[in-house]
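Engineer: Before we start, here is the structure in question, set down as structure tokens.
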Amino acid sequence: MGFLIVQFLTGLSDASGLFLVACGLSLIFGVSRIVNFAHGSFYMVGAYLAYYLIGYLPLGGLSFWASILISGLIVGLIGILVEVLLLKRLYRSPELFLLMGTFGLILVIQDLSRWLFGSEDLLGPRCPGLDGSIDILGTLLPQYDLALIIIALLILLAIWLLLNRTRWGILVRAATEDREMLAALGVNQSLLFTSVFFLGSFLAGLGGALQLPKGGADLLMDLNVIAGAFVVVVVGGMGSILGAYLAALLIGELSAFGVLVLPQSTLVMMFLIMAVVLIIRPYGLFGKGKSGEYEYDEKTSAPIQPASERLKLAGLGLLLLVLLMPLFAGDFQLVLMIEIAILALSSMSLYFMMGPGGMISFGHAVFFGGGAYAAALLVHHLNTPMELALFFAPLLVGLLALIIGWFCVRLSGVYLAMLTLAFAQICWSIVFQWSAFTGGDDGLLSIWPSDWASNRIVFYYLTMTLCIGGILILRHLVFTPFGYTLRACRDSALRVDSIGINLKRHQWFTFALTGFFAGLAGSIYVFSKGSVFPDEMAIPRSFDFLLMVLLGGIEALSGPVIGSAAFIWLHDLISRIHFWQLILGSIFIFLVVAFPRGIAGFLDNRFGRIFSNHIGPRA
Amino acid sequence: MLAVNSLNTFYGKAQILFNLTLAVQAGEIVALIGRNGAGKTTTFKSIMNLVPAESGKISFKHQSIYHLPSYKICKQGLGYAPEDRRIFTKLTVMENLEAGKQPPRRDFKPWTPEQLFELFPNLAEKRHQDGGTLSGGEQQMLTIARTLMGNPEMIILDEPFEGLAPMIVKQLARTIRKLKDQGVSVFLSEQNLNVARLICDRAYIIHRGSIRHESPIDTLSSDQYEKYCSV
Amino acid sequence: MTTILSIHRLSKSFEGIRAVNNISFDLNEGELLAMIGPNGAGKSTCFNLINGQLVPDSGSIVIFGKKINGLKPRHIWRLGVGRTFQITSTFISMTVLENVQMALLSHHGRTLNVVRKVQNLFMDESIELLERVGMADQQDRACGTLAYGDLKRVELAVALANNPKLLLMDEPTAGMGPKERSRLMELTAEIVQTHRIGVLFTEHDMEVVFKHADRIIVLNQGKLVAQGCPEDVRRDTGVQEIYLGREEAARLEKII
């Protein structure tokens, strides 16, 4: 009995930290519509700051609590800095570019932390006065866990009062609905945004600092906590603070007890809860209506036009270059080209889903990595030859995409995006934890092409045929009735329903197509590398694809290809430098500030006249 | 009081307003009449800097408000109630009013919710209801009441009568006249000449983004109206 | 005369409030039927029940002799029901022509086609539809750049794409100038006559209603309080009291 109570309280205390992070994320999203990927980084910085402050502050017993509070405040100030210097410039850009900017921040903060705090995992100090345990019916519970539970409840109460009983709270809630109107009513929304950003970042920093005695500080905290925080926000309902608390509680408790039944199930558990809740209540426990929708930016909605003669010529020239490449390029360039082609196919399939489909995926790596694993497993367990593996792996991923898509198309906007992340995370944890079948962390090795294709140049041509073919098929799809229908679904769900179109069915098939082509890319990838590791399915990989699409810009059909080429070129250029993440992140941030429509969008803007047909006036 | 001079505004590459010039005196009710797409909403949004103008001059109480942030324009005493109402649907009526509240102005008795409930009796009984549950007419009234909470000296109403039942139109027209009696100038847009005649002192006719005609409402002939406002 | 739409004892409540309360009426072919009433009278709810966006609590909706309670909007469309929206809803990333093509693609069951290019599909039919509403000369413009009145006409063309026998129009003239309004309604009346279809529309502009409707039904607080030809409705003292007001009713006499 005592054991169960202690287990319950442990779950509750685990929930507390998660709640603080999620609560800040939710507040910021509600007011500014920014899905702040870097929120987890604030949490990490909070933990590091507290660690060092506790060591330095000469306040005796008080220094622990003072350090935690000060860390929160410093992180809040960092939040202000980020908001004022970076995000303010991006409020008028499409939301996807904000995502890219905040992702750049993750990389920058990651490397800055490595530089400032070192890359060793730090063990948290104990809380003076609360370092003992209490005995609950024979089982021990750390006193600090109880303190965390109480602190989280107090903060929940404080925020609720702040939002519902103060003028500031009313303005924040009003801004959540209609910012422009609020400005016309005399409210300085810029100041309001900054204040909300401060509060949200403060809560994240506080959360990180508070969990220090329980979990310490390390460089993986940012991505680990952000996935959890997303889940909490989505399960609780965007913008609902009470919902965030209950969702954190639900996840904390189910993990605490889930561990007893299936020790390795924690990760899967969290995402399963999310999937189940969203299927029953698409907008989360306390979510109301469509507040999580992405509004499609009108600027991105000019009618598409078939390629002009000049663009076709340019494409032909590029194709020729690709074909002749082995004549003059070295092995290294060929390898690079192979990688670009593979990733271009994969991001083209993501583009198909995001651009014409209007569905944003945070978990595209599940299809790419899925393809790689499907092929590798076929080879490893069944000795399947490469040709068959390349045929069956995409089909298997297409099937997987049908399963995932069946759930996802019930939702839309940010909710859909987060559900894709959840499914990707489930598949990743299965691959990671089921070592007997998948090789776990060690991956699967020695997956080589058949003999005839093992020559570098032959493999080069094989890759180019499959990838360029795939890209052209996806491009063609955009111009077919299916592609048009998909865009129609994106433009107006109301209208497609009233002309007899089954929106969900078309979106569902889009998932399958996306899965198939990303799976194809993944299966070629595994043969080009000879091995596969769980990283190919992990969150950072998904973000890579998102970045490639965004880098190219989602207005132009050529965007994904240009984006992947730029991404890989950049990556290759700087990944040998010591703090390359810092540089890469800064480049992303620079790019979103300088080219808010993506590279291809920028080129189109600048040189569009050269390549456009001018059928009609452009929007 | 409000003077707009040679205003040019673009949406993207399309020019909407062409050298638009007009003025509203203190204590007047002025109508901006024109058909849909003539540029009425854009005029208002440009004045409030919600759609920044490309060139021109806008002054309010002899001070330039051109390209001032919207919230500062509001603080100068120029209130704006948009055509699509845009009340905060998840806030209660009282909270909506609070969101519009601004510090009192010198020489000006600040509005209180109670006074506004006298002006708009329908809202009084629903003060603790969420804005989203109100009917269209009530939402329109809340929009105006909310703007009044900012104690404006002049209020801009974009098509306040659009979509209201004939009975409600009458009621709202009476209320707007009362506002004038309390010293608030009103600048509103309308498509229908008959409705404008009910309450306005003076009218501008806007067509294709510029002012084509200006006269007191009594002398505005139907011909003038027909010429620009009927399609 | 054939009955196209038959509503019988229809009711729908939201959180205890009866938005639509026991309403019955019929619509015949070749008829323009207007539904009017004060804000919150239940017009939108009634509309959304008929087009399938909402599911009724009780009562029946019969279209062409088939009970459609609980059918989804897209299934109701397939029965031959077109509709236009109060706030226009078109595909803004497409041209005028492509909007109509989209409706035709759906009508002909071709939306899953992944082989042919849309460019060459149903061109003649689309242009013919656009000619009918007078938009053929603007077929290549992006819908995002059209004037409001033109968008309404595109919507009408889209609504006509599946040869509907019943047309549901939610405030068809909202946001249009006076002459534009009557032109759209005249166009609608003409289509009603030539194709013998029935139209049910809601409208706030009383001039439009009393000039163009063949018959009017009046809702108030969820109930049907009057129905009949424009003249009868205008004279109805109950309607004057809750909705029109006496002056407006007097003014409307000239129009009818």
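Engineer: When the scattering of chain C is computed by the Debye formula from its Cα atoms alone, each counted once and equally, what is log10 I(q)/I(0) at q = 0.08, 0.15 Å⁻¹?
Structural biologist: -0.32, -1.09
Engineer: To the nearest whole percent, what portion of all C-alpha pairs in region A:307-611 is separated by more than 32 angstrom? List each step's numbers first, then the result.
Structural biologist: Details: 11578 of 46360 pairs.
The share of Cα pairs beyond 32 Å in region A:307-611 comes to 25 percent.
Engineer: Next question, about the same structure. From the P(r) of region C:22-136, could you give the percentage of C-alpha pairs in the tail past 19 Å? Please list the in-between numbers first.
Structural biologist: Numbers: 3860 of 6555 pairs.
Across region C:22-136, Cα pairs with separations above 19 Å total 59 percent.
Engineer: Work out the FRET efficiency for C:LYS72 and C:THR2 from their Cβ-Cβ distance, taking R0 = 25 Å, and round it to the nearest 0.05.
Structural biologist: 0.50
Engineer: With each pseudo-label sitting 7 Å past Cα toward Cβ, what's the C:ASP124-B:ASP107 distance in nm, one decimal?
Structural biologist: 7.5
Engineer: Across 5 Å bins from 0, what is the distribution of all Cα-Cα pair distances for region C:90-162, in whole percents?
Structural biologist: Each 5 Å bin holds this share of Cα pairs: 3, 19, 32, 25, 14, 6, 1, 0.
Engineer: Relative to the Cα centre, what is the charge dipole magnitude of region A:307-611, using +1 at the beta carbon of each Lys and Arg, -1 at the beta carbon of each Asp and Glu, and rounding to the nearest 20 debye? All intermediate terms of the calculation are to be shown ahead of the outcome.
Structural biologist: Working: 16 positive and 15 negative charges, 187 e Å.
Roughly 900 debye for region A:307-611.
Engineer: Specify the angular offset, from 0 to 90 degrees and rounded to the nearest 10, of the alpha carbon long axis of helix A:309-328 from the longest principal axis of the alpha carbons in chain A.
Structural biologist: The helix A:309-328 is inclined about 90 degrees to chain A.
Engineer: What FRET efficiency comes out for the pair C:ARG9/C:ILE256, r = Cβ-Cβ distance, R0 = 35 Å, nearest 0.05?
Structural biologist: 0.70
Engineer: Using only atoms on other chains, find how many Cβ atoms lie within 10 Å of each Cβ of peptide C:241-249 and report the average. Display every interim value, and only then the final one.
Structural biologist: Values: counts 1, 2, 4, 3, 6, 0, 2, 5, 1.
Per residue, the number of nearby Cβ atoms from other chains is 3 on average.
Engineer: Oh, and also: Over the Cα atoms of region B:174-226, what Rg and Dmax result, in angstrom?
Structural biologist: Rg then Dmax for region B:174-226, in Å: 11.7, 34.
Engineer: Output needed for region A:133-267: three equivalent-ellipsoid semi-axes, defined as square roots of 5 times the C-alpha gyration tensor eigenvalues, in descending order, whole Å. If you can, show how the numbers build up before the last one.
Structural biologist: Values: eigenvalues 230, 54, 44 Å².
Those come to 34, 16, 15 Å.
Engineer: Additional query: Note down the nm distance, to one decimal, between modelled labels 7 Å out along Cα→Cβ at C:LYS117 and at A:LEU318.
Structural biologist: Output for this residue pair reads 1.8 nm.
Engineer: Moving on. Compute the helix-to-body angle for A:365-382: its Cα long axis versus the longest principal axis of chain A, expressed 0 to 90° and rounded to tens.
Structural biologist: 70
Engineer: Given the Cα-Cα distance of A:PHE391 and A:LEU137 and 0.36 nm per residue of separation, how much length would full extension add, in nm? Spell out each step's value before the answer.
Structural biologist: Working: separation 254, 0.36 × 254 = 91.44 nm, distance 5.99 nm.
Length difference between fully extended and current span is 85.5 nm.
Engineer: Then there's this: Once each part is reduced to its C-alpha centroid, what is the distance from region C:138-177 to region B:39-80 in angstrom?
Structural biologist: Their Cα centres are 34 Å away from one another.
Engineer: Follow-up. Amide H of B:TYR204: which non-local residues (sequence gap of 5 or more, or other chain) have their own amide H closer than 5 Å, using H built in the peptide plane?
Structural biologist: B:ALA31, B:LEU32, B:ILE33
Engineer: Measure nothing fancy, just the Cα-based angle from helix A:143-165's long axis to the longest principal axis of chain A, in degrees from 0 to 90, nearest 10.
Structural biologist: That helix lies at roughly 80 degrees to the long axis.
Engineer: Tell me, what HN-Hα J-couplings in whole Hz come from the Karplus equation 6.51 cos²θ - 1.76 cosθ + 1.60 at θ = phi - 60° for each residue of region A:249-257, using x for Gly and Pro?
Structural biologist: Rounded to whole hertz, the list is 4, 4, 5, x, 5, 5, 5, 4, 8.
Engineer: I've got another one for you. Please work out, to two decimal places, the log10 of the ratio I(q)/I(0) at q = 0.14 Å⁻¹ from a Debye calculation in which every Cα of region A:2-218 carries one identical scatterer.
Structural biologist: -0.88
Engineer: Give the residue list of trypsin sites (Lys or Arg not before Pro) in region A:29-137 that are DSSP loop and have at most 10 other beta-carbon atoms within 10 angstrom.
Structural biologist: On the way: sites: A:ARG33, A:LYS88, A:ARG89, A:ARG92, A:ARG114, A:ARG126; in loops: A:ARG33, A:ARG92, A:ARG126.
Answer in residue order: A:ARG92.
Engineer: Then there is this: In the Gaussian network model of chain C, springs joining C-alpha atoms below 10 Å, which of C:ASP232, C:ASP150, C:ASP170 carries the largest mean-square fluctuation?
Structural biologist: Comparing C:ASP232, C:ASP150, C:ASP170 in a Gaussian network model of chain C, the most mobile one is C:ASP232.
Engineer: Let me see the pair-distance distribution of region B:2-229: every alpha carbon pair, 10 Å bin width, integer percents in order.
Structural biologist: Reading upward from the zero bin: 8, 34, 37, 19, 2.
Engineer: Residue by residue through region B:214-219, what is 3J(HN,Hα) from phi via Karplus (6.51 cos²θ - 1.76 cosθ + 1.60, θ = phi - 60°)? Round to whole Hz and write x for glycine and proline.
Structural biologist: Here the 3J(HN,Hα) series is 8, 6, x, 5, 5, 9 Hz.
Engineer: Right, something else. Taking 21 Å as the cut-off for C-alpha to C-alpha distance, list the pairs among B:LYS90/C:LYS152; B:LYS45/B:LYS75; A:LYS504/C:LYS43; C:LYS117/C:LYS152 that go past it. Spell out each step's value before the answer.
Structural biologist: Numbers: B:LYS90/C:LYS152 31 Å; B:LYS45/B:LYS75 16 Å; A:LYS504/C:LYS43 29 Å; C:LYS117/C:LYS152 27 Å.
Beyond 21 Å: B:LYS90/C:LYS152; A:LYS504/C:LYS43; C:LYS117/C:LYS152.
Engineer: Right, something else. So which GluC sites (Glu not before Pro) in region B:92-161 pass both tests, a DSSP loop state and at most 16 other Cβ atoms within 10 Å of the Cβ? Present the calculation step by step, with values, prior to reporting the outcome.
Structural biologist: Details: sites: B:GLU95, B:GLU98, B:GLU114, B:GLU118, B:GLU125, B:GLU138, B:GLU153; in loops: B:GLU125, B:GLU153.
Here the GluC sites (Glu not before Pro) that fit, given the DSSP loop and packing criteria, are B:GLU125.
Engineer: Using 17 Å as the cut-off for backbone N distance, which residues of region A:208-223 belong to the label zone defined by a point 7 Å from the Cα of A:VAL259 along Cα→Cβ?
Structural biologist: Under cut-off, by backbone N: A:211-217.
Engineer: Estimate the FRET efficiency between C:ALA136 and B:PHE10 by the formula 1/(1 + (r/R0)^6), using the beta-carbon distance for r and 35 Å for R0, to the nearest 0.05. Each step should come with its number before you reach the end.
Structural biologist: Working: r = 29 Å, r/R0 = 0.83.
After rounding to 0.05, the efficiency reads 0.75.
Engineer: For region C:213-256, what value does the Rg/Rh ratio take when both radii are computed over Cα atoms and Rh is the Kirkwood radius, given to two decimals? Let's see the in-between values first.
Structural biologist: Working: Rg = 9.9 Å, Rh = 10.5 Å.
Rg/Rh for region C:213-256 comes to 0.94.
Engineer: Amide H neighbours of C:ALA19 under 5 Å, counting only residues 5+ apart in sequence or on other chains, H built in-plane at 1.01 Å?
Structural biologist: C:LYS12, C:SER13, C:PHE14
Engineer: From the residues A:ALA184, A:ILE155, A:LEU86, which one has its Cα farthest along the dipole of region A:2-218 in the positive direction, the dipole being from +1 and -1 charges on Cβ of Lys/Arg and Asp/Glu about the Cα centre?
Structural biologist: A:ALA184
Engineer: Still on this structure: Could you work out how far apart the two model spin labels at A:PHE579 and A:LEU77 are, taking each label as a point 7 Å from the Cα in the direction of the beta carbon, and quote it in nm?
Structural biologist: In this crude spin-label approximation the distance works out to 2.0 nm.
Engineer: Could you state the per residue volume, in Å³, of the convex hull enclosing the Cα atoms of chain A? If you can, show how the numbers build up before the last one.
Structural biologist: Values: hull volume 100.2 nm³, N = 619.
Per-residue hull volume (Cα only) is 162 Å³.
Engineer: Tell me what the protein assembly as shown gives for mean residue ellipticity at 222 nm when only DSSP H runs of n ≥ 4 count, each as -39,500 (n - 2.57), the sum divided by the residue total, rounded to 500 deg cm²/dmol.
Structural biologist: Values: 44 runs with 615 residues, N = 1106.
Helices in the protein assembly as shown give a 222 nm mean residue ellipticity of -18000 deg cm²/dmol.
Engineer: Let me ask you something else. List the chymotrypsin sites (Phe, Trp or Tyr not before Pro) within region B:91-170 that fall in a DSSP loop (any state other than H, G, I, E or B) and whose Cβ has at most 14 other Cβ atoms within 10 Å.
Structural biologist: On the way: sites: B:PHE108, B:TRP111, B:PHE117, B:PHE161; in loops: B:PHE108, B:TRP111, B:PHE161.
Filter output for region B:91-170: B:PHE108.
Engineer: Take the eigenvalues of the Cα gyration tensor for the protein assembly as shown, scale each by 5, and report the square roots as semi-axes in whole Å, largest first. Write out the running numbers ahead of the final one.
Structural biologist: Details: eigenvalues 538, 288, 170 Å².
Over the Cα atoms of the protein assembly as shown, the ellipsoid semi-axes are 52, 38, 29 Å.
Engineer: How big is the Rg/Rh ratio for region B:39-173, C-alpha atoms only, Rh by Kirkwood, two decimals? Write down the numbers at each step before the final one.
Structural biologist: Working: Rg = 15.1 Å, Rh = 15.5 Å.
Computed over Cα atoms, the ratio is 0.98.
Engineer: Further question: Keeping the other protein chains in place, figure out the carbon and sulfur percent of the accessible area of chain A, with a 1.4 Å probe. Don't skip to the end; give the middle numbers.
Structural biologist: Working: 16520 of 24100 Å².
On chain A, the fraction of accessible area on carbon and sulfur atoms equals 69 percent.
The values are calculated or read from the model by the stated rules, or taken from the named source; none is laboratory data. Quantities reported herein were computed from a predicted structural model and do not represent experimental measurements. As a convention, Cβ positions derive from the backbone with ideal geometry for all residues, glycine included, and neighbour counts pool all protein chains shown. Protein only, heavy atoms only, side chains kept; ligands, DNA and RNA dropped before computing areas. Shrake-Rupley method; radii C 1.70, N 1.55, O 1.52, S 1.80 Å.
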